Amino acid sequence: MNFNVDEKGYYGDFGGAFIPEMLYPNVEELRQNYLSITAEPDFKKEFDELLKVYVGRPTPLYFAKRLSEKYKTKIYLKREDLCHTGAHKVNNTIGQILLAQRLGKKRIIAETGAGQHGVATATVCALMGIECIVYMGELDIQRQAPNVARMKMLGAEVRPAQSGSKTLKDATNEAIRDWINNPVDTHYIIGSVVGPHPYPDMVARFQAVISEETKWQLAEAEGRDYPDHVIACVGGGSNAAGLYYHYLNDKRVNIIAVEAAGKGIDSGESAATSALGKEGIIHGSKTLLMQTPDGQITEPYSISAGLDYPGVGPMHAHLFRSQRAKFISIPDQEAMDWGLTLSQMEGIIPAIETAHAFAALDVCKFGPEEIVVFNCSGRGDKDLDTYIDYFKL
Ligand SMILES: *Cc1c(COP(=O)(O)O)cnc(C)c1O
């Protein structure tokens, strides 16, 4: 079985491009060009250079000594939290803005829920001097004031989505409407391995730099370029896709995906898509998503805004269904405790999204000679208020 996308844009049963006809020319233009443009030497050179001098890559692969001793296994952290803007998301927005430039686009749109992808998009637009419009649900604008301020400071226009639940899916609808109305000069930067083909594959390829570096870094540290286990949190699934990418078809490597159980899988307030999701179409692709019996998308919940998404990307739906990856889901409380543990055992305050991944140490068994690589997807600065409230700091 192959775990990369096939020629039709599918991962097993999942993926494809389920889009309104009016959007077809935009998506088709991308599909026809993304592989050839990103393979051009000039593109690669500029992408690699920006990742190096602007984002700060390669990010370290850090051997977590105290954690390894406590859990009696070899634990490494891939430090995406050290990327410029504080998380992995910028790897993708750099790639997409370079692609947009080569397609002659003059205007960037994006949608954001928690604001993290909006900030990563506004950042690269400022870098390139390109107009940036970020759609965001009215309710999210109120909940995520610091990220709204960051986007404005970076020169982006934040447009409120006032329909429906005034959250991410409404912002997505607005962004799609904008793209239909501006098919020639605008590129839509999607922030995770979701959306119609070719987005999931394109974003996965940009994030694949994570496992590309992990391979040579592990070879240096351990004399072999593959670990026994790779572990990452999954919202839409982009940081996970980046860490898994070069190991997808390497059966020596176990893949573990960690979702947010929120207040508990059966609480009705959760984002554990693999446990609760059914096949359906969201954001233009066929995947697993949380929905009511009559097919309405369920509002997800997690204490971490970045995992608060009702679906997963089609790659992850396929990894789940084929059992190539083991999926676990972790409630808010355990994730928050891991935020504190990682801070005090390794001096790294993680994003709450990232903290979920580490709870795998309580759920899975690892041998003393085994190598476990965690993706440290982001830093906890943005979550400090949540940590303060939760721990009464
Ligand atoms: C956005 C975000 C995530 C979740 O997004 P994925 O596409 O699943 O990676 C995870 N961690 C951090 C720090 C984030 O900002």
Exercise. Kirkwood hydrodynamic radius for the range 263-393: how many Å is it when counted over pairs of different Cα atoms?
Worked result: 15.9 Å
Seminar exercise, completed: In the neighbourhood of Asp389 defined by beta carbon distances under 13 Å, the net charge of the other residues (Lys, Arg +1; Asp, Glu -1) is -2
Problem set entry | Kyte-Doolittle at least 1.0, axis length at least 15 Å by Cα - qualifying DSSP helices, the chain | 116-128
For this session: Please go through the residue pairs Lys8/Lys326; Lys215/Lys326; Lys169/Lys251 and name each one whose alpha carbons sit more than 31 Å apart in this structure.
Result: Lys169/Lys251
Seminar exercise, completed: The extension gain from Ala219 to Asp337, computed as 0.36 nm times the residue separation minus the Cα-Cα distance, is 39.3 nm
Seminar exercise, completed: Taking a probe of 1.4 Å and leaving out DNA, RNA and ligands, the range 134-230 shows per residue an accessible area in Å² of 40 Å²
For this session: Can you check how the C-alpha radius of gyration of the range 80-126 compares to 2.2 N^0.38 Å, as a plain ratio?
Result: 1.13
For this session: Return the calculated 222 nm mean residue ellipticity for the chain, to the nearest 500 deg cm²/dmol, obtained by summing -39500 (n - 2.57) across DSSP H runs with n ≥ 4 and dividing by the residue count.
Result: -12000 deg cm²/dmol
Exercise. Between Phe391 and Met153, what length comes free when the chain is fully extended (0.36 nm per residue of separation minus the Cα-Cα distance, one decimal in nm)?
Worked result: 82.6 nm
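Computed over the Cα atoms, what is the radius of gyration of the chain divided by 2.2 N^0.38 Å, N being its residue count? Could the numbers behind the result be given before it?
Details: Rg = 19.4 Å, N = 393, 2.2 N^0.38 = 21.3 Å.
Rg over 2.2 N^0.38 Å, computed on Cα atoms: 0.91.
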Exercise. Going 7 Å from the Cα of Glu212 toward and past its Cβ, which residues in the range 220-250 have a backbone nitrogen under 18 Å from where you end up?
Worked result: 220, 225-226, 238-249
Exercise. In the range 1-114, carbon and sulfur make up what percent of the accessible area (probe 1.4 Å)?
Worked result: 54 percent
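For the range 124-211, which semi-axes, largest first and in whole Å, follow from the square roots of 5 times the eigenvalues of its Cα gyration tensor? Don't skip to the end; give the middle numbers.
On the way: eigenvalues 93, 56, 46 Å².
Its equivalent ellipsoid spans semi-axes of 22, 17, 15 Å.
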Exercise. Quick one: how many lysine pairs in the range 30-137 have C-alpha atoms under 26 angstrom apart, if they're 8 or more apart or on different chains?
Worked result: 19
Exercise. With the contact rule set at Cα under 8 Å and sequence spacing of 6 or more, what percent relative contact order holds for the chain?
Worked result: 20 percent
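For Gln162 and Glu40, what is the calculated FRET efficiency with R₀ set at 35 Å and r taken between the beta-carbons, to the nearest 0.05? Intermediate results must be reported in sequence, preceding the final value.
Details: r = 41 Å, r/R0 = 1.18.
Result of the calculation: an efficiency of 0.25.
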For this session: Give me the orientation-averaged projected area of the Cα convex hull of the range 1-137, in nm², one decimal.
Result: 11.9 nm²
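The values are calculated or read from the model by the stated rules, or taken from the named source; none is laboratory data. Because the structure is a prediction, the values reported are computed rather than measured. Cβ sites come from the backbone with ideal geometry, for glycine too, and all protein chains shown count toward neighbours. We work out accessible area using only protein heavy atoms, side chains counted, and drop any ligands, DNA or RNA first. Shrake-Rupley method; radii C 1.70, N 1.55, O 1.52, S 1.80 Å.
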